[in-house]
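The values are calculated or read from the model by the stated rules, or taken from the named source; none is laboratory data. Because the structure is predicted, anything quoted here is derived from the model rather than measured. Cβ placement follows ideal geometry from the backbone for every residue including glycine, while neighbour counts extend to all protein chains displayed.
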Amino acid sequence: MELAEKLKILSAAAKYDVSCSSSGSRRANVPGGVGSAAYSGICHSWTDDGRCVSLLKILFSNECLYNCAYCVNRISSDTPRATFTPEEVADLTINFYRRNYIEGLFLSSAIYRNENYTMELLLKTVKKLRHEYNFNGYIHLKAIPGADLALISEAGKYADRMSVNIELPSEEGLKLLAPRKKKEVILKSIGSLTENIKRYREERKVFKNTPTFVPAGQSTQLIVGATPDSDLKIMRLSETLYKSFDLKRVYYSAYVPVSNDPKLPRISSPPLVRENRLYQADWLLRFYGFSAGELLDKQHPNLDLELDPKASWALRNLHLFPVEINTAEYRMLLRVPGIGVTSAKRIAAARKVGSLGYEDLKKIGVVLKRARYFITCRGKYFGDVNIREDLIKNKLVGSFQRKSDGKQLTMFNDVVPYR
Amino acid sequence: MLYYIYDGSFQGLLTAVYEAYYRREEPFDITPENNFSGDLFARQVHIKTDGDKAGRVFRAVKEKISPRAIKQVYYVFLSEIMQRETLIYCYLKKGFKLGKDVDLYLTDKTVHEIQKVSQKVGREKHRMLGLIRFRKLVGDIYYAPIEPDYNIVTLVAPHFARRLSDQNWVIHDTRRGSAVLYNKKEWVLAQLDPGREFRLSEEEKDYQQMWRGYFNSASVPGRTNTRLQRQFMPVRYWKYLIEKQEL
Ligand code: SF4
C-alpha cells in the first residue's frame, strides 16, 4: 500500500482522539538535530471544525483485536485497515516537521496482534525518531493499557507527553461497551506513569543530567454521552485524576454515533453543548480554584446546559455577591461570572495605583455584560436588575441565547475561552 | 511646531528620544523621513542615527523602566501603525517618570495603547510560528513566503534558527520585500525581490499532497464550523498555506 493511502486511513482513524496539545515541554534542540518544544504549545492550522492542528495525529495501526462498541476501528467494523512501519512514521514526521506543518507527533494505535507487540512497535518508532533522526520536537505517545509496565516506562524516556485513555467514566460502562478493557489495568498504567514522572522529577532536582521522563505530563480522554454517567461522576473522576494522579489534562469527547449497537444510546448528533460545559467546569477546577463538589452535588448532578458552570454556581451562592472590585481578594475576583484570568489580573494590577470605577473597568478591557450583576465599584452596583436569582438568571440566559447561534457549542479542544 | 525627522530605523527612533531629552526641546511629532510631508510652519530637526546614543536609551529603558517596556516599545515600532513614534515617545516619558509601575496604569490611554498594539504584534508573531510553511527547493533550501500585517520577520527568525538549525531556510516577507536568511549557522536580514521565482525539489509535491490530505481528513464531520476556523486563522493568511491551496 502506498504511504499516502496509509496516511489517509490511519489519520482518519485517529481524529476522534481530541487531544492535540503540544504544550508543557521545554525540550531543546541539540547541535546537528532538528526540533524543539515550545512550552506554551503552537497551533499550526485549524481544521474546518475549528480545531487546532498541532501534532501529526495518527494511529500506528487500526487493525484492532478488540471490539469496543463505540469505536470505528473495532474488529467487527467494516472499515479499511492499514499498519505503518516505524520508518514510515519517522519519515512523515520529519518531513512534515521540516516544512513547519506540525509541532510533532501524536502516535496512538489500535491493539495490533497483542498489547505488548503494539507497545513495542510504538517504542521502536519513537526511539528511531529520537536516536536516528535526532528529532527533538514534541512527541505525545499513547500507552497501551495491558502492555508490560516496563515497556510503558521505557517509552516515557522518549515522549514529552503520554496518555492512557480511560474512555468510559465508570466500570459498568467499560464492562458493557469495552469488555476487554479493565478499569484496574487502566488505572495501574496511569499510576505507574504518575510515579515515574514524580521520581524522575525529584532526581532531576538533584542530578541535572537525569534524562527527562514525560516532561509535559500525562493526559487522558473520557467519552461523554455513550453511557448514562452523570456530570458529577465525571467531574469527581477528573478531580481525582488531577489531584491524586497529577494529570495535566482530561479531555472530554462527545460521543459521535458510529454504530447502531443496541447497547449504545440512540442519538442523532453528538452532545456538544454538554461537552462544552464539561470543558468549562474542568477549566474551573484547574485554574479557578473550584472543587467538583462546589459545582455539582446530588441535587444538581448535571451541569446546566443553559448557563455556564461559573454563572450557575454564582446564582446558587448569591449571598457571596456582589463583591467590591477594589477590595475583593484575587481568588474571589476569579469567581465573578464574566471575569476571566486576564481580566482579574488586570484589575489586580490597575487597582494598585488607583481605585477603579465602572468606566475604568471598561477602559482596561473588562467585559461587564455579565460581571455587572455580581460586582460593585466604589460601593456602587451597576446591574439593571436587583440581586435576585431569577432576575439575574433571566438576564444571563437571555444574553446567552441571543449571541449563541451555535457559537457557544464550539469551544472544545485546547482552546476553551472561559469568561 | 517642531518635527523630528529620523531615518525610519529603530536605532534612529531611539536616537531621536535621546535628542529630545538632551535638547530639552519637545518634538510635536517624530516622523520617518520618507513619510514627512512638511507643512509650512514646521520647524524640522534632522536626527542623525547614532548607535551609541541609541544604546544608551535602550539600556536606560530596560533598567529605569523595565525589560518589558523595551520589548513593548520594539513591538510597537514593528507594528508600523501611524504615529507609532509619538506614541512610543509619550510612553517613554511616562515610563521615565513612573518607573516599572508605568505598566500598571492601565486606565491611561498611552499605556493602554502601547500594551494593546504590542500584544497584537506579539499575537501575530506567535501565530506565524505556526502558520509559516516551508517549501523545499532544489539545492536543499527551505523557502517560506509570508505576508504578515506587522513587520515580524526578525521576531520569528530566532525560533526557527533554534528549531530548524540543521537546514538552510529563508522566510520572505513578500509585501515588504525583506527576508531572513539562515545558513545553518546564523540568520541575517536582507532585501529580497518579491517577484522572484523558485524551483521546487522533486519530492516536494508528494509531501504537500499528503499534508493537504491529512488536513482535510482531520476535521470531524458533523462538527463543521468554518466561522470558528476563520476566527483563529483569518483568511488573509491562507494565501501561502499549503493546506488551503488547490492543486
Ligand atoms: S481498543 Fe477499542 S477503542 Fe481502541 S482501537 Fe480497538 S476497538 Fe477502538
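In summary, A:Asn114 fulfils each of the numbered conditions (1) within 15 Å of the ligand (Cβ to nearest atom); (2) buried (at least 24 other Cβ atoms within 10 Å of the Cβ); (3) of a type in the set (S, T, N, Q) with the single exception of condition (2).
Being away from chain A (no Cβ under 14 Å) and farther than 30 Å from A:Gly104 by Cα is the requirement here; does B:Tyr91 meet it?
Working: away from chain A (no Cβ under 14 Å): yes; farther than 30 Å from A:Gly104 by Cα: yes.
Judged against the criteria, B:Tyr91 is a match.
Selection of first residues in segment A:164-180 that are outside any loop (DSSP other than H, G, I, E, B) and of second residues that are within 11 Å of the ligand (Cβ to nearest atom), restricted to Cβ pairs under 6 Å at least 6 apart or on distinct chains, gives the following pairs, ordered by first then second residue: A:Glu167/A:Ile223; A:Leu174/A:Leu168; A:Leu174/A:Lys181; A:Leu177/A:Ala69; A:Leu177/A:Tyr70.
For the residues B:Val45, B:Val57, the requirement of being touching a Leu at 6+ places or on another chain (Cβ under 8 Å), more than 24 Å from B:Thr154 (Cα to Cα), surrounded by 15 or more Cβ atoms within 10 Å (Cβ to Cβ) and assigned by TED's automatic domain parsing to the domain that holds B:Val73 singles out B:Val45.
In segment A:47-70, is there at least one residue being hydroxyl-bearing (Ser, Thr, Tyr), more than 11 Å from the ligand (Cβ to nearest atom), in contact (Cβ under 8 Å) with a residue 24 or more places away in the chain and within 14 Å of chain B (Cβ to nearest Cβ)? Yes: one or more hits. Identify, please: which residue in segment A:13-32 is more than 9 Å from chain B (Cβ to nearest Cβ), closer than 16 Å to A:Leu56 by Cα and not hydrophobic (A, V, I, L, M, F, W, C) and is, among those, surrounded by the fewest Cβ atoms within 10 Å (Cβ to Cβ)? In this case the residue turns out to be A:Asp17. Residue count for segment B:203-220, restricted to those that are part of a helix (DSSP H, G or I) and within 7 Å of chain A (Cβ to nearest Cβ): 8. When restricted to residues that are under 22 Å from the mean Cα position of the chain (by Cα), part of a strand (DSSP E or B) and closer than 16 Å to B:Asp50 by Cβ, segment B:1-32 contains 3.
Of the residues making up segment A:49-56, one or more are touching a Cys at 6+ places or on another chain (Cβ under 9 Å), buried (at least 23 other Cβ atoms within 10 Å of the Cβ), under 26 Å from B:Asn225 (Cβ atoms) and among the hydroxyl-bearing types (Ser, Thr, Tyr).
Tally the residues that are aliphatic (A, V, I, L, M) and either closer than 15 Å to B:Ile88 by Cβ or part of a helix (DSSP H, G or I) (or both), restricting the search to segment B:33-54. Break it down into steps so the answer makes sense when it comes.
In the first step, residues of segment B:33-54 are kept if they are aliphatic (A, V, I, L, M); the result is B:40, B:42, B:45, B:47, B:54.
Checking the rest, the ones that are also either closer than 15 Å to B:Ile88 by Cβ or part of a helix (DSSP H, G or I) (or both) come to B:47, B:54.
Residues that pass the stated criteria total 2.
Does A:Gly217 satisfy being among the small types (Gly, Ala, Ser), under 18 Å from A:Leu141 (Cα atoms) and surrounded by fewer than 18 Cβ atoms within 10 Å (Cβ to Cβ)?
Values: among the small types (Gly, Ala, Ser): yes; under 18 Å from A:Leu141 (Cα atoms): yes; surrounded by fewer than 18 Cβ atoms within 10 Å (Cβ to Cβ): no.
So A:Gly217 does not fit the description; no.
A:Gly137 passes every criterion in (1) within 15 Å of the ligand (Cβ to nearest atom); (2) in contact (Cβ under 8 Å) with a residue 40 or more places away in the chain apart from (1).
The set of residues in segment B:170-202 being farther than 19 Å from B:Tyr237 by Cβ, part of a strand (DSSP E or B) and within 12 Å of chain A (Cβ to nearest Cβ) consists of B:Leu200 alone.
Scanning segment A:312-323 for any residue that is touching a strand residue (DSSP E or B) at 6+ places or on another chain (Cβ under 8 Å), charged (D, E, K, R) and in the same structural domain as A:Lys380 (by TED's automatic domain parsing) turns up nothing. Can you name the residue in segment A:341-374 that is surrounded by 15 or more Cβ atoms within 10 Å (Cβ to Cβ) and among the basic types (Lys, Arg) and, of all such residues, is nearest to A:Asp308 (Cα to Cα)? The qualifying residue nearest to A:Asp308 (Cα to Cα) is A:Arg370.
Residue-wise test of (1) within 26 Å of A:Asn29 (Cβ to Cβ); (2) out of contact with any Cys (no Cβ under 9 Å at 6 or more places or on another chain); (3) in a loop (DSSP other than H, G, I, E, B).
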{"site": "A:Leu65", "(1), (2), (3)": "no, yes, yes"}
{"site": "A:Val72", "(1), (2), (3)": "no, yes, yes"}
{"site": "A:Thr79", "(1), (2), (3)": "no, yes, yes"}
{"site": "A:Tyr112", "(1), (2), (3)": "no, no, yes"}
{"site": "A:Met119", "(1), (2), (3)": "no, yes, no"}
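Residues in segment A:282-294 that are more than 17 Å from A:Leu333 (Cα to Cα) and surrounded by 21 or more Cβ atoms within 10 Å (Cβ to Cβ): A:Asp282, A:Ala292. In the set (1) facing chain A (nearest Cβ under 8 Å); (2) without any contact (Cβ under 8 Å) to a residue 60 or more places away in the chain, B:Ile242 fails one condition alone, (2). So, A:Pro169, is that one touching a Lys or Arg at 6+ places or on another chain (Cβ under 8 Å) and of a type outside the set (S, T, N, Q) or not? The answer is yes for A:Pro169. Residue count for segment A:33-46 under the criterion of being over 24 Å from B:Val235 (Cβ atoms), within 7 Å of chain B (Cβ to nearest Cβ) and buried (at least 24 other Cβ atoms within 10 Å of the Cβ): the result is 1.
Condition (residue is more than 16 Å from the ligand (Cβ to nearest atom), over 22 Å from the mean Cα position of the chain (by Cα) and at pLDDT 95 or above) applied to segment A:7-26: is it met by at least one residue? Yes, that holds for at least one residue.
Residues that are in contact with a Lys or Arg (Cβ under 7 Å, 6 or more places away or on another chain) and more than 10 Å from chain B (Cβ to nearest Cβ) within segment A:340-357 comprise A:Gly340, A:Ser355, listed in sequence order.
Please indicate, with yes or no, whether at least one residue in segment A:83-100 is under 22 Å from the mean Cα position of the chain (by Cα), in a loop (DSSP other than H, G, I, E, B), surrounded by 18 or more Cβ atoms within 10 Å (Cβ to Cβ) and not hydrophobic (A, V, I, L, M, F, W, C).
Looking for residues that are under 22 Å from the mean Cα position of the chain (by Cα), in a loop (DSSP other than H, G, I, E, B), surrounded by 18 or more Cβ atoms within 10 Å (Cβ to Cβ) and not hydrophobic (A, V, I, L, M, F, W, C), one finds none in segment A:83-100, hence no.
Among the candidates A:Arg266, A:Arg204, the residue that is without any contact (Cβ under 8 Å) to a residue 24 or more places away in the chain and not assigned by TED's automatic domain parsing to the domain that holds A:Asn73 is uniquely A:Arg266.
Considering only residues in segment B:221-239 that are more than 7 Å from chain A (Cβ to nearest Cβ) and in contact with a Gly (Cβ under 8 Å, 6 or more places away or on another chain), the one that is nearest to B:Met128 (Cα to Cα) turns out to be B:Gln231. All of (1) touching a Phe, Trp or Tyr at 6+ places or on another chain (Cβ under 7 Å); (2) at pLDDT below 95 hold for A:Gly146 with one exception: (1).
Residues checked against (1) more than 26 Å from the chain's Cα centre (by Cα); (2) in the same structural domain as A:Gly156 (by TED's automatic domain parsing); (3) modelled with pLDDT of 95 or more:
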position: A:Phe60; (1), (2), (3): no, yes, yes
position: A:Arg74; (1), (2), (3): no, yes, no
position: A:Ser77; (1), (2), (3): yes, yes, no
position: A:Asn116; (1), (2), (3): yes, yes, yes
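Specify which of the listed residues (A:Tyr200, A:Tyr97, A:Tyr101) is among the aromatic types (Phe, Trp, Tyr) and in contact with a helix residue (DSSP H, G or I) (Cβ under 6 Å, 6 or more places away or on another chain). Working first, answer last.
Values: A:Tyr200 fails: in contact with a helix residue (DSSP H, G or I) (Cβ under 6 Å, 6 or more places away or on another chain); A:Tyr97 fails: in contact with a helix residue (DSSP H, G or I) (Cβ under 6 Å, 6 or more places away or on another chain).
From the options A:Tyr200, A:Tyr97, A:Tyr101, the qualifying one is A:Tyr101.
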